[in-house]
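Peer 1: Encoded as structure tokens, here's the structure I'll be asking about.
The values are calculated or read from the model by the stated rules, or taken from the named source; none is laboratory data. In this text, all values refer to a predicted model and were calculated from it rather than measured experimentally. Don't worry about glycine lacking a Cβ; one is built from the backbone with ideal geometry, like all the others, and counts go over all protein chains shown.
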């Protein structure tokens, strides 16, 4: 028999959609919590897509029970409040003000559940002049300064700011929410009170650029270095000889001791002149294969890595050894892999569930087990379109 997980017994009602809230709730589930996902009838969470299930949806929602519930109806709101009454944690990432329209905001429910941990995730937080702005991750990337920093030096013919395919703001904010929810649970145990957590995607994104934020305040800031890929005979590697020990090892490997005395490459200026240093390294690496370069650098103790193609990541020996992925089995999509919570516990299996619910798959089950609702009442709700 497996050991109970740390969050076993905690109940979560997840009103969130897309990425930030759902990944937070899934991590809580991976740590033992029970999660009920509340979705609108018809289309459900947008990441389900037109066919009702996508690999992305499965990744963010594996193991959650799904109830399709119309929150725009008074009866649907009443049912949601009853679910909240029996929960420890609520997660929602509607635009600020939407949950208040449903009478499901923190102020509306805290009297009935004073020990509730209520997590509100939004683009810009619950205060400030931008509180009412709609936001998805690309909007927050632009607003937070992230695009400005990471787009520097990435020239294009139209001089346009960069556009990222990775939803950094969503995943980062969801991870922060996962952490602070558990902090609030600990506070509840110590002080006997609940908490309303106001988690801003913009605030989260600014934590990625601390050096640049500090430099922006200085009249004469030190330049911030940028590392560049080093070309090999058949590809590229990333090399980061940051410490003097790393750099000394690199110079020995290259048989270029004079680089140690080059004023551009001494500690401090080195990171600001890495493009020139990369050119020196390429005099050696350009005639070798990527594998040869990576092996030689690694043997010399110089931090490095080749660039892994996504198709190769699933069979990467480090990923395989750490069992970083779990298998999802879906009737329509077949079998595919999703990443486990990225932590190894000594006393807990970090594997996630092997299934993701169809829209409303557990509507009856949730109403019966959580609210004790008889089958006849459930049938009436379905006829009225309040559930599906």
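Peer 1: Just one of 50, 17 is within 16 Å of the chain's Cα centre (by Cα) and part of a loop (DSSP other than H, G, I, E, B); which is it?
Peer 2: Exactly one of 50, 17 is within 16 Å of the chain's Cα centre (by Cα) and part of a loop (DSSP other than H, G, I, E, B), namely 17.
Peer 1: What is the residue count in the stretch 338-364 for residues that are surrounded by fewer than 15 Cβ atoms within 10 Å (Cβ to Cβ) and outside any loop (DSSP other than H, G, I, E, B)?
Peer 2: Residues flagged as surrounded by fewer than 15 Cβ atoms within 10 Å (Cβ to Cβ) and outside any loop (DSSP other than H, G, I, E, B) within the stretch 338-364 amount to 1.
Peer 1: Only one of (1) part of a loop (DSSP other than H, G, I, E, B); (2) closer than 30 Å to residue 62 by Cα; (3) not assigned by TED's automatic domain parsing to the domain that holds residue 52 fails for residue 302. Which number is that?
Peer 2: (2)
Peer 1: Further, regarding this structure: Looking at the stretch 1-23, which of the residues that are touching a strand residue (DSSP E or B) at 6+ places or on another chain (Cβ under 6 Å) and buried (at least 21 other Cβ atoms within 10 Å of the Cβ) is farthest from residue 65 (Cα to Cα)?
Peer 2: Among residues in the stretch 1-23 that are touching a strand residue (DSSP E or B) at 6+ places or on another chain (Cβ under 6 Å) and buried (at least 21 other Cβ atoms within 10 Å of the Cβ), the one farthest from residue 65 (Cα to Cα) is 20.
Peer 1: Given 264, 256, which one is more than 35 Å from the chain's Cα centre (by Cα), more than 16 Å from residue 297 (Cβ to Cβ), surrounded by 13 or more Cβ atoms within 10 Å (Cβ to Cβ) and assigned by TED's automatic domain parsing to the domain that holds residue 302?
Peer 2: After applying the criteria, what remains is 264.
Peer 1: So residue 367 fits all but one of (1) surrounded by 13 or more Cβ atoms within 10 Å (Cβ to Cβ); (2) in the same structural domain as residue 34 (by TED's automatic domain parsing); (3) modelled with pLDDT of 95 or more; (4) part of a loop (DSSP other than H, G, I, E, B); what number is the exception?
Peer 2: Here residue 367 clears every test but (4).
Peer 1: Now for a different question. Give the stretch 170-201 a look and list any residue that's crowded, with 19+ Cβ neighbours inside 10 Å and either on the phi > 0 side of the Ramachandran plot or under 14 Å from the mean Cα position of the chain (by Cα) (or both), or say none.
Peer 2: 170, 172, 173, 174, 176, 177, 178, 199, 200, 201
Peer 1: Under 7 Å between Cβ atoms, at least 6 apart or on separate chains: pull out the pairs that start in the stretch 274-293 with a residue that is touching a residue at least 60 places away in the same chain (Cβ under 8 Å) and end on any residue that is surrounded by 14 or more Cβ atoms within 10 Å (Cβ to Cβ) and in a helix (DSSP H, G or I).
Peer 2: Final answer for the pair search is 293/285.
Peer 1: What is the residue count in the stretch 305-333 for residues that are assigned to a loop (DSSP other than H, G, I, E, B), under 30 Å from residue 278 (Cα atoms) and in contact (Cβ under 8 Å) with a residue 40 or more places away in the chain?
Peer 2: Here the count works out to 1.
Peer 1: Return yes when residue 155 is at pLDDT below 95 and closer than 19 Å to residue 92 by Cα and no when it is not.
Peer 2: no
Peer 1: Oh, and also: Here is a list: 138, 161, 129. Which entry is without any contact (Cβ under 8 Å) to a residue 40 or more places away in the chain and surrounded by 15 or more Cβ atoms within 10 Å (Cβ to Cβ)?
Peer 2: Residue meeting the stated conditions: 138.
Peer 1: Among the residues that make up the stretch 22-40, is at least one of them within 19 Å of residue 381 (Cβ to Cβ) and in a loop (DSSP other than H, G, I, E, B)?
Peer 2: Yes - at least one qualifying residue is present in the stretch 22-40.
Peer 1: Still on this structure, I have one more. Looking at this structure, is residue 225 surrounded by 15 or more Cβ atoms within 10 Å (Cβ to Cβ), assigned to a loop (DSSP other than H, G, I, E, B), in contact (Cβ under 8 Å) with a residue 12 or more places away in the chain and on the phi > 0 side of the Ramachandran plot?
Peer 2: Against the criterion (surrounded by 15 or more Cβ atoms within 10 Å (Cβ to Cβ), assigned to a loop (DSSP other than H, G, I, E, B), in contact (Cβ under 8 Å) with a residue 12 or more places away in the chain and on the phi > 0 side of the Ramachandran plot), residue 225 does not qualify.
Peer 1: Within the group 234, 220, which residue is loosely packed, with under 14 Cβ neighbours inside 10 Å, assigned by TED's automatic domain parsing to the domain that holds residue 273 and either over 23 Å from residue 169 (Cβ atoms) or touching a strand residue (DSSP E or B) at 6+ places or on another chain (Cβ under 7 Å) (or both)?
Peer 2: After ruling out the rest, the residue left standing is 234.
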